[in-house]
């Protein structure tokens, strides 16, 4: 399993509008979890699940596409779309290749 991880800060003045809009997107059933920082209110991360690296890269590409419904979130990001950071992560210890020490 891979994840596509998006991180950004939402301007305080747009926080409520962002929460309403993102809640609607989550209700559409995307395979994504949305979190807000406890130490840094207004800092949000999206965690998108993907079965493969290719699928994670496709999610990243779609997430950055201006036609994506998630792209509208960029309007409320402090610094705009340039401050939307997206990375793909893979398991650090894949079970299929993990070997026990002798």
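Derivation of every value follows stated rules applied to the coordinates shown; laboratory data play no part. Everything numeric here is computed off the predicted structure, so don't read it as measured data. Because the Cβ atoms are built from the backbone with ideal geometry, glycine has one as well, and the counts that use them run over all protein chains shown.
Tabulated data for the structure shown
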{"item": "Failed item in (1) out of contact with any helix residue (DSSP H, G or I) (no Cβ under 6 Å at 6 or more places or on another chain); (2) exposed (fewer than 15 other Cβ atoms within 10 Å of the Cβ); (3) assigned to a helix (DSSP H, G or I), with residue 81 passing the rest", "result": "(1)"}
{"item": "Qualifying residue in segment 85-98 (condition: assigned to a helix (DSSP H, G or I) and exposed (fewer than 15 other Cβ atoms within 10 Å of the Cβ))", "result": "no"}
{"item": "Among residues of segment 49-73, those that are part of a helix (DSSP H, G or I) and either in contact (Cβ under 8 Å) with a residue 24 or more places away in the chain or at positive phi (or both), counted", "result": "11"}
{"item": "Total residues in segment 8-48, condition closer than 29 Å to residue 95 by Cα, touching a residue at least 24 places away in the same chain (Cβ under 8 Å) and buried (at least 17 other Cβ atoms within 10 Å of the Cβ)", "result": "2"}
